[in-house]
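Report on the following structure.
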Amino acid sequence: MLQSLSLVLLYTLGLLLLLLLLIKPTESFAPIFSSSCKSHSCLSSSSVSSSCVTTAAALSTLSAVAADNNSNDSNNSNNNSNDDDVAFAAAALQVADAAGKLRGQTIVVKYGGNAMTSPELKTGFCQDVAALQKIGVRVVVVHGGGPQISNMLEKVGVETRFEGGFRVSSTEVVEVAESKKVYLNLEERERETCCALIFLFYIIFTHHCNDKNTKFPSK
Amino acid sequence: MRNIFNFFFFKTVVLCGSVNKEISSAICSAGGRAIGISGRDDSLLQCIKQHDDKFDLGFVGQVQNVNTNLLQQLLDAGICPVVSPIGTGINEEKNIAYNVNADVAAGRIAGELKAARVLFLTDIAGVLDKQMELLPTLSVEDIQKLIDDETITGGMIPKVRCN
């Protein structure tokens, strides 16, 4: 009974380790982001599905033209094709106007960590940037990551606080914020350790079976 | 078992650290061209330690110089640079990494590039007054007044100051 129990334990441990190695970063990443998903009123324009309308919204934000009415119009008038065409033409004109003004200009966008908490926000933002790039705007993105860094520091157990809007940064904080290549190398090393552990478990398991002349615990 | 724990820990670090690459790759998959760089690359953000009268902020960098050569070349080539706000030290401090506030970095880079506009994307509508109503426009004098009477606090201070 004890023998079979220990075998089952070893077997499950091995399986667990195998599973750990098989987890891909993207898969474990998605739930982290979706769990902290919030609604962001200021970015709601990015979540409009049609890429054309998104571009219109993004451009009009940039050119400080209030296009809210316009994009609302084009959203509400889906029933009537004529109205739809008129709204589309108006939006296209506005886009062309804004694009003409902005072509060749440089725009710096700071993408805050609070605005990248859900995958939808992120895709919307990236589509907007790509769209601006296509019409010839020179876009520079500077990204934050405050909430992500705070999360990480909390996990590591490093205390962090803000003074006058600035994070008080010890060397650990800077290291986590930068997440240097060192960590990548370390991850590889950990992976190797896990492989070695699985191999070890496998050896113990087979040795155990051979010793007692039993392949699997029957009772 | 400690190894397994560490494995998870470092994995998370990698995920957090790859915010930069995630954004650049997402822009690429949306049909644009982007490259992820850090402020330490090509001495983009050259910093000194930020001194504050009241607190010791540690390795928070104050941006002294911005080397915009790389940014200009990338923009000329039609590539969007995605900058992570980590700065490098100057002269004998070359090896030190400084944590730079992203709002400050965006403001300084925009200034050096003579950008037409700077946009701040975050989860609130903008600068709010005491009654939590949006202030659509602000002058430079207003800003100092609002900071002094603590209407503008916390993370909004670097956003409006950009220095």
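Odds and ends about this structure:
- Qualifying residue in segment B:58-65 (condition: facing chain A (nearest Cβ under 7 Å), out of contact with any Phe, Trp or Tyr (no Cβ under 7 Å at 6 or more places or on another chain), closer than 23 Å to A:ASN114 by Cβ and outside any helix (DSSP H, G or I)): yes
- Scanning segment B:91-109 for residues being modelled with pLDDT under 85, more than 7 Å from every other protein chain (Cβ to nearest Cβ) and open to solvent by 20 Å² or more (accessible area, probe 1.4 Å) gives a total of 6.
So that you can scan it fast, the table gives a plain yes or no per residue for (1) modelled with pLDDT under 70; (2) more than 7 Å from every other protein chain (Cβ to nearest Cβ); (3) within 30 Å of B:GLY32 (Cα to Cα):
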position: A:GLY124; (1), (2), (3): no, yes, yes
position: A:ASP128; (1), (2), (3): no, yes, yes
position: A:VAL158; (1), (2), (3): yes, yes, no
position: A:VAL174; (1), (2), (3): yes, no, no
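- Test: residue in segment A:109-123 that is more than 20 Å from B:LEU121 (Cα to Cα) and not β-branched (Val, Ile, Thr): no
Here's the yes/no breakdown for (1) at positive phi; (2) surrounded by 20 or more Cβ atoms within 10 Å (Cβ to Cβ); (3) part of a strand (DSSP E or B); (4) more than 8 Å from chain A (Cβ to nearest Cβ):
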residue	(1), (2), (3), (4)
B:GLY111	no, no, no, yes
B:ALA115	no, yes, no, no
B:PHE120	no, yes, yes, no
B:ALA125	no, no, no, no
B:THR137	no, no, no, yes
B:LYS145	no, no, no, yes
B:THR151	no, no, no, yes
B:GLY154	yes, no, no, no
B:ILE157	no, no, no, no
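The values are calculated or read from the model by the stated rules, or taken from the named source; none is laboratory data. If you're wondering where the values come from, they're calculated on a predicted model, not measured in any experiment. Every residue, glycine among them, receives a Cβ derived from its backbone with ideal geometry; neighbour counts consider all protein chains shown. These area figures cover heavy atoms from the full protein model, side chains too; ligands, DNA and RNA do not enter into them. Shrake-Rupley method; radii C 1.70, N 1.55, O 1.52, S 1.80 Å.
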